[in-house]
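All remarks here apply to the structure that follows.
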Amino acid sequence: MNFFSARGLNIQGVDISETDIATAKTRYPHIAQRFSLCNPDPNDNHYYGFPEDVSVVTALQALYYFSDKDFDSCMAKLYRSMRPGGVFFATMMGEKSKEFFDNSTEHEDGLRAVNFKNDRIEVKDYYMSFIKDEEHLKQKFSMFKPVHIGYYAAKYREDEGDGFHYTFCGTK
C-alpha cells in the first residue's frame, strides 16, 4: 500500500486480521486511515476496498482459503469493482507445496483439510484450495487477460517444507 500511495494512487488496504491491520497502521502512520478490517465472507461484502473504478487489486496469499463457490463470488465482486484495463495480481498455493498438500485430504467444494504437526508448527483443520498447474491457475482467473504467470517457493531451513505459490498477473 505504501508503494502505491507514494506513486499518488488512491489506495485502500483491507484484511481480515486485526493484528495485521494494526501493524500496517503502526508501520505506515501517514496512510493509517486507508487500512480497514474486512469480513472475509464474500456473501457479507458488496465490494472489497472500493465499490468501483479500482485500478489495481493485489490478493497475496489470501484467495486459496475460499471454497469454489465463495471464490467465484469474491472474484465477481472484485472484477465488478475494477475499471477496464485494471491490473489484478494474486498468489495461490500450489500442490507443489508438499508439506501442506501432502498432509491434506479432500473436504468439500474445492477445499482440502490440512492437518499436520512437526517440531515447529501444528496445523489443524486448516482448509485450503490448491492449484494443480498453470492451466488450472489460468482457469481460476479466466475473467482476466493473463499478462504474466510465475511462481515462488521458499525454503529457508532443512526442517521445513516449501511454500510453493503460483503468481498471476492479468488485466480486465
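Some observations on this one:
- Beta bridges from DSSP with both residues in the chain: antiparallel share about 70 percent, rounded to the nearest 5.
- Modelled spin labels at K69 and I16, positioned 7 Å past Cα toward Cβ, are 1.6 nm from each other.
- Relative to the current alpha-carbon distance between S36 and R83, full extension at 0.36 nm per residue lengthens the span by 14.7 nm.
- Whole-angstrom gap from segment 77-145 to segment 5-35, using each part's C-alpha centre: 24
- Segment 94-135 residues near the modelled Y151 label - backbone nitrogen below 18 Å, point 7 Å along Cα→Cβ: 94-104, 129-135
- Relative contact order (percent, whole number), the chain, Cα cutoff 8 Å, 6+ residue spacing: 19
- Using alpha-carbon coordinates, inclination of helix 68-81 to the longest axis of the chain, degrees: 20
- Helix 18-27 axis, angle to the chain major axis (alpha carbon atoms, nearest 10°): 60
- In terms of distances greater than 26 angstrom between alpha carbons, the cross-link table entries K25/K117; K132/K155; K77/K132; K25/K155; K96/K124; K98/K138 yield K25/K117; K25/K155.
- Exposed loop sites here mean GluC sites (Glu not before Pro) with a DSSP loop assignment and at most 13 other beta-carbon atoms within 10 Å; the chain contains its longest site-free run at 53-107.
- When shorter helices are ignored and each DSSP H run of at least 4 residues is given -39500 (n - 2.57), the per-residue value for the chain at 222 nm works out to -6000 deg cm²/dmol.
Rule-based calculations on the coordinates, nothing more; no lab input. Please read these numbers as outputs of a predicted model, since none were measured by experiment. Here Cβ is always computed from backbone atoms with ideal geometry, including for glycine, and neighbour counts include all displayed protein chains.
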